[in-house]
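Let me begin by presenting the structure, written as structure tokens, before commenting on it.
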Amino acid sequence: MRRIPVITIFVLLLVVLGSVVAWRLFAKQETERRNAVAHVQARKTYFKMVMTVDHPAGNIAREEYTLIDDDGKSKASYAVSNRTGTIAKFDDYVPGYDVSFAFGKAVQDGIWRLNTKHRRALDEDGYTIHVEQIADEERGSRTVTFTNPAFWAKTAEYHITLDPKKKTPTISDILKLQAVSNRDPDYLAVVNDFKEFGSPRFKQTITAAREKLLKS
């Protein structure tokens with residue numbers, strides 16, 4: 001009877017041991033991957049962002065743009081009203097990830113960084129931005145108001161504080177004063193995110209609704 005060399009047995013044992021270790025590592029990684037996927041699928045994800053535009057003059061009194069994603073179910077809405085109380089509203093259930101991408105772009109453009117700005121003139125359109133988000137057990141929301149986003153994006157206001165100890169500042173004093181610009185492009189960027197969202201059909205419906213109320 002031919003005997004199996006000891007070295008062969010040793011190699012076979014190493015192969016078996018390596019296979020067991022590799023299988024256990026793979027099984028552990030696969031289990032962790034499945035658990036991670038299950039955790040993501042079980043998370044409650046919800047976000048909503050709304051832009052309301054109040055027009056102080058003209059036939060159109062108010063417009064409202066709404067984007068919602070509730071656990072992957074997305075909807076875009078638009079409502080417009082005139083000064084006699086007539087309201088035109090429609091909803092568009094959006095397949096795919098367009099609403100998620102729009103939310104991500106708005107976050108990148110600074111929707112969470114916006115702050116309420118003082119009204120500069122009574123005849124300017126008023127904007128109200130509301131955003132809320134739920135991710136698992138974490139949640140947050142924010143509402144801000146402002147007017148004329150193009151002004152905040154392109155025009156710099158400077159606030160200068162004069163020295164109260166000097167009755168009349170000299171030219172040299174004025175040149176040395178520190179001025180702080182509050183130019184902020186985030187307001188216009190976020191407004192454009194709302195207005196630029198949607199398929200051609202969605203945008204055409206918005207245009208048709210506005211034109212109908214403008215003629216009413």
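The values are calculated or read from the model by the stated rules, or taken from the named source; none is laboratory data. The structure presented is a predicted model; accordingly, all values stated were derived computationally and were not measured. In this analysis, Cβ positions are derived from the backbone assuming ideal geometry, glycine residues included, and neighbour counts consider all displayed protein chains.
Remarks
- Pair list, Cβ under 9 Å, 6 or more apart: the stretch 71-88 residue touching a residue at least 12 places away in the same chain (Cβ under 8 Å) and among the acidic types (Asp, Glu), other residue surrounded by 13 or more Cβ atoms within 10 Å (Cβ to Cβ) and not in a loop (DSSP other than H, G, I, E, B): Asp71/Thr45; Asp71/Tyr46
- Matching residues in the stretch 93-111 - criterion: being in contact with a strand residue (DSSP E or B) (Cβ under 8 Å, 6 or more places away or on another chain) and surrounded by 15 or more Cβ atoms within 10 Å (Cβ to Cβ): Val94, Asp98, Val99, Ser100, Ala102, Phe103, Ala106, Ile111
- For the stretch 156-171, the condition of being modelled with pLDDT of 85 or more, assigned to a loop (DSSP other than H, G, I, E, B), more than 20 Å from Asp54 (Cβ to Cβ) and not basic (Lys, Arg) holds for none of the residues.
- Taking the stretch 86-144 as the range and being among the acidic types (Asp, Glu) and either within 27 Å of Ala209 (Cβ to Cβ) or touching a helix residue (DSSP H, G or I) at 6+ places or on another chain (Cβ under 7 Å) (or both) as the test, the residues that pass are Asp91, Asp92, Asp98, Asp109, Asp123, Glu124, Asp125, Glu132.
- Contact annotation: residue pairs with Cβ atoms under 7 Å, 6 or more positions apart or on different chains, pairing a residue in the stretch 90-102 that is over 18 Å from Glu132 (Cα atoms) and in contact (Cβ under 8 Å) with a residue 60 or more places away in the chain with a partner that is β-branched (Val, Ile, Thr) and surrounded by 11 or more Cβ atoms within 10 Å (Cβ to Cβ), are Phe90/Thr205.
- On the stretch given as the stretch 72-91, residues that are surrounded by 15 or more Cβ atoms within 10 Å (Cβ to Cβ) and either of a type in the set (Lys, Arg) or in contact with a Gly (Cβ under 7 Å, 6 or more places away or on another chain) (or both) total 2.
- Matching strands (runs of 3 or more DSSP E) fully within the stretch 53-128 where at least 2 residues are among the basic types (Lys, Arg) and out of contact with any Phe, Trp or Tyr (no Cβ under 9 Å at 6 or more places or on another chain): none
- The combined condition, being of a type in the set (A, V, I, L, M, F, W, C), closer than 27 Å to Arg139 by Cβ, surrounded by fewer than 13 Cβ atoms within 10 Å (Cβ to Cβ) and modelled with pLDDT under 95, is fulfilled by Val40.
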